[in-house]
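Let me begin by presenting the structure, written as structure tokens, before commenting on it.
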């Protein structure tokens, strides 16, 4: 029996490599998103700490400079959190783009796999037909030899 050789196997191998690269890119993007979210959460926690410190200062003796510094710190934290929210949104867009790219690459790989399966099925049919032809020829030969012997 002949060996099946898929003509576009190199393309299928490239699709596997592209899919693996897309998976790694998605993983990196998700890790980056997680890091950005952690930074945002740290800024929010820091802002909460400033807020609590301001509340404590208001309940104790009033020091105008400390209250002003606390209010400024809260405003700065709001700006930093807003900037970090933009970073998180940007990282989410990158994750979605990587996910979309991975989906496209997976669809292409699946298409090539289906083409390979169809080519293999055609190969099997051709092999079965060739085998049937060989059996028919053998049967005809054997039958023809019997006719000569009689």
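The values are calculated or read from the model by the stated rules, or taken from the named source; none is laboratory data. Only a predicted model underlies this, so the values are computations on that prediction, with no experimental measurement involved. So basically every Cβ, Gly included, is an ideal-geometry build from the backbone, and we count neighbours across all protein chains shown.
Where residues in region 59-74 are assigned to a helix (DSSP H, G or I) and either loosely packed, with under 12 Cβ neighbours inside 10 Å or in contact with a strand residue (DSSP E or B) (Cβ under 7 Å, 6 or more places away or on another chain) (or both), which of them is modelled with the highest pLDDT?
Residues of region 59-74 assigned to a helix (DSSP H, G or I): 59, 64-74.
Those left that are additionally either loosely packed, with under 12 Cβ neighbours inside 10 Å or in contact with a strand residue (DSSP E or B) (Cβ under 7 Å, 6 or more places away or on another chain) (or both): 59, 64-65, 68, 72.
Working: 59: 80, 64: 82, 65: 84, 68: 89, 72: 93.
It comes out as 72.
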Residue 78 at pLDDT 85 or above, over 29 Å from residue 99 (Cβ atoms) and surrounded by 12 or more Cβ atoms within 10 Å (Cβ to Cβ): yes
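Taking the condition surrounded by fewer than 12 Cβ atoms within 10 Å (Cβ to Cβ) and within 46 Å of the chain's Cα centre (by Cα), does residue 122 pass?
Numbers: surrounded by fewer than 12 Cβ atoms within 10 Å (Cβ to Cβ): yes; within 46 Å of the chain's Cα centre (by Cα): yes.
Yes.
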Filter result for the condition that a residue is outside any helix (DSSP H, G or I), over 21 Å from residue 100 (Cα atoms) and in contact (Cβ under 8 Å) with a residue 12 or more places away in the chain, over 7, 40, 46: 7
Residue in region 84-94 that is surrounded by 15 or more Cβ atoms within 10 Å (Cβ to Cβ), in contact with a helix residue (DSSP H, G or I) (Cβ under 8 Å, 6 or more places away or on another chain) and more than 25 Å from residue 26 (Cα to Cα) present: no
Single unsatisfied condition, residue 34 versus (1) in contact with a helix residue (DSSP H, G or I) (Cβ under 9 Å, 6 or more places away or on another chain); (2) more than 26 Å from residue 99 (Cβ to Cβ); (3) surrounded by fewer than 14 Cβ atoms within 10 Å (Cβ to Cβ): (2)
